[in-house]
1. So which of V176, V201, V149 ends up being within 17 Å of the chain's Cα centre (by Cα), modelled with pLDDT of 95 or more and buried (at least 17 other Cβ atoms within 10 Å of the Cβ)?
2. Could you say whether any residue in region 120-135 is without any contact (Cβ under 8 Å) to a residue 40 or more places away in the chain, surrounded by 16 or more Cβ atoms within 10 Å (Cβ to Cβ) and touching a Gly at 6+ places or on another chain (Cβ under 6 Å)?
3. From the residues in region 240-291 that are under 17 Å from I224 (Cβ atoms) and among the aliphatic types (A, V, I, L, M), which one is nearest to the chain's Cα centre (by Cα)?
4. Scan (1) of a type outside the set (D, E, K, R); (2) surrounded by 14 or more Cβ atoms within 10 Å (Cβ to Cβ); (3) outside the structural domain of F204 (by the TED database) for the single condition L229 breaks and write down its number.
5. With of a type in the set (K, R), at negative phi, out of contact with any strand residue (DSSP E or B) (no Cβ under 8 Å at 6 or more places or on another chain) and loosely packed, with under 15 Cβ neighbours inside 10 Å as the only criterion, which of K116, K169 stands out?
6. Scan region 35-48 for residues that are in contact with a Phe, Trp or Tyr (Cβ under 9 Å, 6 or more places away or on another chain) and either assigned to a helix (DSSP H, G or I) or within 20 Å of L229 (Cβ to Cβ) (or both) and jot them down.
7. When region 251-267 is examined, which residues are found to be open to solvent by 40 Å² or more (accessible area, probe 1.4 Å) and closer than 14 Å to I310 by Cα?
8. Go over the candidates F284, F280 one by one and state the one that is open to solvent by less than 90 Å² (accessible area, probe 1.4 Å), at pLDDT 95 or above and touching an Asp or Glu at 6+ places or on another chain (Cβ under 6 Å).
Amino acid sequence: MSFTLLSSPLQGFTDYRFRNAQQKYFGGIDTFYSPYIRLNGKLVIKNSYHRDLLPENNDTLEVIPQVITNDAEEFLFVARYVKELGYKELNWNLGCPYPMVTKSGMGSGLISNTEKINHILDRAHTETDIIVSMKMRLGYESPQEILDVLPILDQYPIKNIAIHARLGKQLYKGGVDLEGFQNCIDNTNHKLYYNGDITSVAQFQKMQQRFPSIDHWMIGRGLIADPFLPNMIKNNTLEYPKNKMEVFSQFHDTLYEGYSETLSGTTHILLKMHHLWEYFSVLFSNPQKVHKNIKKAKSIKNYEATVKEIIAKES
């Protein structure tokens, strides 16, 4: 059965530089979702969001913009903005688990508010012709939350609902709730995409067997930790390429150069790379040691030397 692989957005990680580099060196992802646009009450698009969505920064990629909001005016404003850039679809994030988002009644903190969801979807579908898709969790406190909202979603021509099979309050801890996801399949007319813990080819195949009706699969943190993964899934192989470290090195250098151009000051650049290595270190035979050594690199010179050494040892 043919299937589609999607990159689930991760704030601060899967921006256009990451997306382009992943596509260039590894491939395997059919569609990328951009990290969400958050307006905080001001109807103004930040430069960083604008740069991330500019068509010239995504010219070889299929990208779907995302918004996080609990306000109809904000939703409509972003819908008009992305349409002007040439996008036809806007993904609405009701999945983000981070407390500073959920406490504001957004992301997975909005799932229990069926009235507000209905109001925003009603206005989105009557006042704009943007295609709406959604990214959700099973709920914030309980998986009953999504079951309560699914009948409302069924009233609208939503393109699809991607569900991360966890609760918001779990963040990324604990296992995924596969029963909870099955309940969603059984209780909606909408097309569902699966998201959550696809971190290896074997894990992907296990999920495929568990949910034979699903043909769209979303990879989030697993993509940052192992950018080889989508291509390996597509080619049904457990083998990394012989020149694994050479490819990773080129990928890393492209990202590093890109961020060095965009970010101001060495502190920002190092912080960005340190965060990425929290994930990248998993690719190496001693992840803890690799991550520890990277964290110790407090200057650009040290950082470059450390990366070189880590890659040389693994090659």
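1. Values: V201 fails: within 17 Å of the chain's Cα centre (by Cα); V149 fails: within 17 Å of the chain's Cα centre (by Cα).
That would be V176, the only listed residue that is within 17 Å of the chain's Cα centre (by Cα), modelled with pLDDT of 95 or more and buried (at least 17 other Cβ atoms within 10 Å of the Cβ).
2. Checking region 120-135: not a single residue is without any contact (Cβ under 8 Å) to a residue 40 or more places away in the chain, surrounded by 16 or more Cβ atoms within 10 Å (Cβ to Cβ) and touching a Gly at 6+ places or on another chain (Cβ under 6 Å).
3. In this case the residue turns out to be L276.
4. For L229, the exception is condition (3).
5. On the way: K169 fails: loosely packed, with under 15 Cβ neighbours inside 10 Å.
It is K116.
6. Scanning region 35-48 gives a single hit, P35.
7. Listed by number, the list holds a single entry, D253.
8. Going through F284, F280 in turn, the sole match is F284.
The values are calculated or read from the model by the stated rules, or taken from the named source; none is laboratory data. Quick caveat, the model's predicted, so the values are computed rather than measured. Positions of Cβ are generated from backbone atoms using ideal geometry, with glycine treated the same way; all protein chains shown enter the neighbour counts. When the accessible area is computed, the model is the full protein with side chains, heavy atoms only, and any ligands, DNA or RNA have been set aside. Shrake-Rupley method; radii C 1.70, N 1.55, O 1.52, S 1.80 Å.
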